[in-house]
Amino acid sequence: MSPIVKLIAQRIALGVLLLLAVSVLIFAGTQILPGDVAQSILGQSATPQALANLREELGLNDPAYIRYLRWLGGVLTGDLGTALSSRQDIAASIWPRLKNTLFLAFWAALVSVPLAIVLGLLAVRYRNGFVDKLISGLALASTSLPEFFVGYLLVFFFAVKLQWFPGISTVYDGMPFGQRMMAIALPATALTLVVLAHMMRMTRAAILNVMQSAYIETAELKGLRAFDIIRKHAFPNAIAPIVNVVMLNLAFLIVGVVVIEVIFVYPGMGQYLVDHVAKRDVPVVQAVGLIFAAVYIGLNMVADIAAILANPRLRHPK
Amino acid sequence: MVAKATAPKAARTGPLLDIRNLRIEATVYPPGEPPKTITLVHDVSLTLERGKVLGLIGESGAGKSTIGLSSMGYGRGGVKITGGEVVLNGRDILKGGVGGLRRLRGREVCYVAQSAAAAFNPAHRLMDQVVEASLLHGVASRAEAERRAMALFRKLSLPSPETIGQRYPHQVSGGQLQRVMTAMALCPEPDLIVFDEPTTALDVTTQIDVLAAIKEAIRDTGVAALYITHDLAVVAQVADEIMVLRHGRLVEWGGTRQIIKEPRQEYTNALVSVHEIAHQEQQPGKTPALSVKNVTAAYGGGHVKVLKNVSVDIFPGQTLAVVGESGSGKSTLARAITGLLPPEQGSVTFAGRTLGNRLADRPKEDLRQLQMIYQMADVAMNPRQTVGTIIGRPLEFYFGLRGRERDAKVAELLDKIEMGKGFVDRYPAELSGGQKQRVCIARALAAKPKLIICDEVTSALDPLVANGILKLLLDLQKEEEVAYLFITHDLATVRSIADSIAVMYRGEVVRYGPKSQVLAPPFDAYTDLLLSSVPEMEIGWLEKAIKGRRMESAGN
Amino acid sequence: MSELRKIPIGALIGLVFTALFLLAAILAPWIAPYGLGETVGQVWEPSSASFLLGTDNLGRDLLSRMIYGARTTIFIAVLATALSFILGSVLGFTAAVVGGWFDTTMSRFVDLLMAIPTLIFALVVLSVLPTTLVTLILVMGILDSTRVYRLARAVAADINIMDYVEAAKLRGEGTRWIIFREILPNALSPLVSELGLRFIYAVLFLSALSFLGLGVQPPSADWGGMVKENKDGIVFGIPAALIPAGAIAALAISVNLVADWILNRTTSLKGGRG
């Protein structure tokens, strides 16, 4: 087996292992409650008999590891269990919300990723100039701004004052694409703004790092044009760090979705999670938490694999 | 060469390169202070005829690289050419604008960097990088350029010249990469090549091969060159003329023979006679201070053997020099002796006692007797401690000295290393390279040790500074009766200060004994290679050395 | 005075605002014009002489609630930061210097914790834990200590391989001297600037939790919670929710400016004089 295939296989195996460990952690995280789930469903006034029946029904009398294995088995076969609060099948409720969240994140990423890379390149091109200073200023601000400040500012100006877009992002099945885009305009913008500056700054750092290499000087001393230097000599070496930046920020974006969805009352995974945390609906929280973690781990894994693929030392071993 | 006819139709008469009153400045940004402009090169002028080699020599900060790069109109970082003219092929290139510079770089002037490993793009095959400039400037078709490149690879004695171009930079060794870089510079058949310390990063036995290859290539192609280095002996082998620079100013400029045989300036003379240190070899005593017996050591849990059955003795008040190239195990020997890397087999005896294998097993008294000085003085001192604390700590720790008593002793030690009391409150960052190393010496002396291990203590320093440190070490040895284990790759240093020598090669001691015996024939193959590779300040030494070699160097 | 003049304008603004926020938090009961829960006017009154920032969704004085909110927000954030910092740096330093199984176990566990986004894991844990101040501080502090651990371990590991540390070991110095006299003074400046960043993160994290209704519970006031209380006004063009949101941003930016300055000022290793 070529070393590169081996490395990638190792990385994927590590990802799977990590996901398994995370599922244990998430399950364990919901077991530290002093009382138990049956009590919180039925409330303080429940009769002991009713509590005992529910415990039996939920399998709460079994030891924790049996319950974990049962839960894991369900997850692996696509059965995420039943919500305590609504008694609905979790997998069925999650599916449309997951689609909504991915739709929102996709459009936010589609705008923010190219924009951030182009602006990052501009910052490198005009280093220490006005554009560069502006970008580092914005990056400083953006790491300090709470998502809801950005979100409500957008609502206040663009939905309330100017009335260009709806302030509440209602979407439903069979909604025409155009209307759907109108509905997500503000939340997608908010998400973009939340990750943009950070991504620009990291892109800038990644490219600058490459531009300061000795081989860039070699290219300059061969008489190459600035543009050709970037295209032929900087870019191939900057792919891995840039992919890394993008993946990290997509992971960041996935988390930012939680708050943004609540601001815009958007029916996605984040909203669903927050609602059920408040209702203390443990099975839903476990399922959604695991999905978020899986996406996060997956994106980080893609970043690492891209870095392996882009490394000439690994592609062409001695 | 026929291809020369395709060079730009510039003036064929007059010198190739004529630099007049060059002034180069840089903006520096000292932390916490407003940026300021400093002058790196003060009104330097030089001329270079076609096909000639001019050596630029000087210590760090002399401005030699900066001047070399100015011939391509290039300044690194915030460096700017602010005055003078650079006339190449009859025109002032500083007036040609960015486009003009681009057309000349990689066409009329090419560059060979110190570290070829960093100067090649890791993402592209060597051949693509070698022919890039030729294609860019339309000097040759791809097929023609590749044919030329292969011919150059062959001329530079690279292995498998037909296929080496298909490799990536990380797939060939440092010495080979440096030659590929030379081929890259020669490929567009330029009028001038700037060699910027092309052999400095290489091991000494590899350096000689690369040097010979470069010299031959220069001779056969008739290209002119600016050869930048800090090593006078190296430049004497390749240059027709030598220019000595210091602090951005011209010191002396003359023919190679004149510079090395009849230097007119005191500074040049100092550079020429830098290795001459008066030291009388001492005969080994009866009982060694430290004795290393059959030591074998390995990294990675015994997997990588780096020391194989090494035995050496060090006598009181004497110097044992351990010489070898990178990877020979000489620094590992120091780690085994100090207990940082416990040996797998063998023992280290000190003053008749066997030392504990591990550092933790040794009593304080043994630690005191055995001190160490490092190569990089900057990182060997805690940047947050003052010189007073650094030197005073061993006094406190080993002898319990406090307060005024300690301060008096610190002052005495500062005096010994020829630095004044004023340095007590300084931080390491406020000292020069040589001063830092002196403070490290004082710290070692403060413990009143019987033995000091010196690990490449002069190799990061400029020759004159290094010379001062060596003299200081020898003086201190006489006063304090301290023995040195002197680890180095530099044979010239060894010749000047050692009493006995151990030559190491791939983890083994291949030759060991008193200096006069080790350096006298008959030699074993490796010692012969090593000794014959040390550049001598002698015109024609290179050819003689190459002819007389019996063994191939490892870097090939 | 000359010291003061050397501070760049950005850092100066940051210092002034940070100080103002801290003063407001400390002096809250004395400078707030009205009580925390006191209903003193109509719902969402605009700014006026008696209510400088107007009133909130229940007719309480917004300025007074902002001042008390500063107290809650900064108090919890400071404690959470302190917890994360002490926990993270002690464990990180120990891991770097001691090495071996302790380092491996700790580092793998931290990798695992960091494989889950912090907000998501906090939500999972808060779904079963009672929302009290202690829980909040513990959850925030422990989750955030993973980042401090990574930094402290990396910084200490870098310093631990320096020749001057080796020189101290060869001299025979004990672990305590090595950690406190050789490593710590050199690790301080990156850690101090990280302290600022961790504090900002704690403020933002707490505000997000409170905004989601899972942080500080009424009747206590914190800035994130105040955004939640007043958010319904936005749709009617009432900007009351933007005031606490803006205050969070202002606090975070100020601390960021200060942290940035400290980092720049101390990165040059010019000894203890800088």
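Sort C:161, B:441, C:253 from largest to smallest accessible area, using a 1.4 Å probe on the heavy atoms of the protein chains. Before the final figure, lay out the partial values.
Values: C:161 130, B:441 5, C:253 50 Å².
Largest accessible area first, the residues go C:161, C:253, B:441.
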Original post:
For residue B:224, what is the net charge nearby, where nearby means another residue's Cβ is under 9 Å from its Cβ and Lys, Arg count +1, Asp, Glu -1?
Top reply: 0
**OP:** Would you list which aspartates and glutamates come within 12 Å of residue A:99, measuring only between C-alpha atoms, while excluding same-chain residues fewer than 8 positions from it?
**Re:** A:173
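How long is the gain from residue B:549 to residue B:38 if the chain were fully straight, where each residue apart is worth 0.36 nm and the alpha carbon distance is subtracted?
Details: separation 511, 0.36 × 511 = 183.96 nm, distance 4.73 nm.
That pair, residue B:549 and residue B:38, stretches by 179.2 nm at full extension.
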Original post:
For the stretch A:98-280, max minus min Cα coordinate along each principal axis, in Å, sorted largest first?
Top reply: 63, 34, 31
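In percent, what relative contact order does chain C have, based on Cα pairs under 8 Å that are 6 or more apart in sequence? Intermediate values should be presented prior to the final figure.
Working: 359 pairs, mean separation 65.2, N = 274.
It comes to 24 percent, rounded to a whole number.
Only Cα pairs under 8 Å and at least 6 apart count here; give the relative contact order of chain A as a rounded whole percent.
Values: 316 pairs, mean separation 84.5, N = 318.
Relative contact order here is 27 percent.
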Original post:
Could you name the aspartates and glutamates in cross-link range of residue B:409, using Cα to Cα under 12 Å and dropping any fewer than eight places away on the same chain?
Top reply: B:396
Subject >> Separation between Cα centres of the stretch A:100-173 and the stretch B:229-267, rounded to whole Å >> reply: 61
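Got the relative contact order for chain B handy, in percent, Cα pairs under 8 Å and 6 or more residues apart? Display every interim value, and only then the final one.
Details: 1093 pairs, mean separation 84.5, N = 556.
It comes to 15 percent, rounded to a whole number.
Pairs B:421/B:471; B:215/B:305; B:36/B:261; A:6/B:155; B:330/C:169; B:448/B:515: which are spaced more than 29 Å apart, C-alpha to C-alpha?
Details: B:421/B:471 21 Å; B:215/B:305 38 Å; B:36/B:261 41 Å; A:6/B:155 40 Å; B:330/C:169 21 Å; B:448/B:515 27 Å.
In this structure, B:215/B:305; B:36/B:261; A:6/B:155 exceed 29 Å between Cα atoms.
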Subject >> Cβ-based net charge around residue B:520, under 14 Å, with every Lys or Arg adding one and every Asp or Glu removing one >> reply: 0
**OP:** Note every residue of the stretch A:220-243 with a reduction of at least 30 square angstrom in accessible area, all protein chains present versus the isolated chain, computed with a 1.4 Å probe, or write none.
**Re:** A:220, A:221, A:222, A:223, A:224, A:225, A:232, A:233, A:237
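Buried accessible area between B and C (1.4 Å probe, both chains summed, ligands and nucleic acids excluded), in Å² to the nearest 100? Walk me through the numbers on the way to the answer.
Numbers: alone 24450 and 14690 Å², together 36780 Å².
Heavy-atom accessible area buried at this interface is about 2400 Å².
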**OP:** Compute the distribution of all C-alpha to C-alpha distances in the protein assembly as shown, in bins of 10 Å from 0, and list the percent of pairs in each, rounded to whole numbers.
**Re:** 2, 8, 14, 18, 18, 16, 12, 8, 4, 1, 0, 0
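Taking N as the number of residues in chain B, what is its alpha-carbon radius of gyration divided by 2.2 N^0.38 Å?
Values: Rg = 25.9 Å, N = 556, 2.2 N^0.38 = 24.3 Å.
In units of the 2.2 N^0.38 Å rule of thumb, it is 1.06.
When Lys and Arg each count +1 and Asp and Glu each count -1, what net charge do the other residues less than 14 Å away from residue A:238, Cβ to Cβ, add up to?
On the way: positive: A:125, A:204, A:231, A:232; negative: none.
Taking every other residue near residue A:238 into account, the sum is +4.
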Subject >> Whichever lysines have a C-alpha closer than 24 Å to that of residue A:161, once near sequence neighbours (fewer than 8 apart) are set aside >> reply: C:228, C:231
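Ratio of the stretch C:54-273's C-alpha Rg to 2.2 N^0.38 Å, to two decimals?
Working: Rg = 20.7 Å, N = 220, 2.2 N^0.38 = 17.1 Å.
In units of the globular-protein estimate, the stretch C:54-273 measures up at 1.21.
Over its Cα atoms, what ratio of radius of gyration to 2.2 N^0.38 Å does chain A give? Mind showing how you got there, number by number?
Details: Rg = 24.0 Å, N = 318, 2.2 N^0.38 = 19.6 Å.
Here the answer is 1.22, to two decimals.
May I ask for the percentage of alpha-carbon pairs in the stretch A:45-102 that lie more than 15 Å from each other?
Working: 1043 of 1653 pairs.
Counting pairs separated by more than 15 Å, the tail of P(r) holds 63 percent.
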**OP:** Return the Cα extents of the stretch B:290-520 along principal axes one, two and three, sorted largest first, each rounded to a whole Å.
**Re:** 47, 39, 31
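How many Å³ per residue does the convex hull of the Cα positions in the stretch B:216-318 occupy?
Values: hull volume 25.8 nm³, N = 103.
In the stretch B:216-318, the Cα hull volume divided by residue count equals 250 Å³.
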Original post:
Chains A and C: what accessible area do they bury, summed, in square angstrom to the nearest 100, with a 1.4 Å probe?
Top reply: 3600
Original post:
What ³J(HN,Hα) values, in whole Hz, does the Karplus curve 6.51 cos²θ - 1.76 cosθ + 1.60 give for the stretch B:168-173 when θ = phi - 60°, with x put for Gly and Pro?
Top reply: 9, x, 6, 8, 10, 6
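In the stretch A:98-280, what percent of the accessible surface is made up of carbon and sulfur (1.4 Å probe, ligands and nucleic acids excluded)?
Working: 5300 of 7740 Å².
Roughly 68 percent of what the probe reaches on the stretch A:98-280 is carbon or sulfur.
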Subject >> residue B:82 long-range amide H proximity, modeled H, under 5 Å >> reply: B:23, B:24, B:25
Subject >> Full-stretch length increase - residue B:163, residue B:261 - with 0.36 nm per residue and alpha-carbon distance subtracted >> reply: 30.8 nm
**OP:** Tabulate in residue order the Karplus-calculated ³J(HN,Hα) for the stretch C:121-138, using 6.51 cos²θ - 1.76 cosθ + 1.60 with θ = phi - 60°, rounded to whole Hz; enter x for Gly and Pro.
**Re:** 5, 4, 5, 4, 5, 5, 5, 10, 8, x, 7, 10, 4, 4, 4, 4, 5, 5
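Translational diffusion coefficient, Stokes-Einstein: compute it for the stretch A:150-190 using the Kirkwood radius over C-alpha pairs as Rh, at 25 °C and 0.890 mPa s, and state it as an integer in µm² s⁻¹.
On the way: Rh = 10.3 Å.
Estimated via Stokes-Einstein, D reaches 239 µm²/s.
What's the extension gain from residue B:60 to residue B:147 if we count 0.36 nm per residue and subtract their Cα-Cα distance? Numbers along the way, then the final one.
Numbers: separation 87, 0.36 × 87 = 31.32 nm, distance 3.90 nm.
This chain segment gains 27.4 nm when fully extended.
The values are calculated or read from the model by the stated rules, or taken from the named source; none is laboratory data. What you see is a predicted model; the values in this text were computed from it and never measured. Glycine also receives a Cβ, built like all others from the backbone with ideal geometry; neighbour counts cover every protein chain displayed. The protein model used for the area step is the full one, side chains on, heavy atoms only, and it has no ligands, DNA or RNA in it. Shrake-Rupley method; radii C 1.70, N 1.55, O 1.52, S 1.80 Å.
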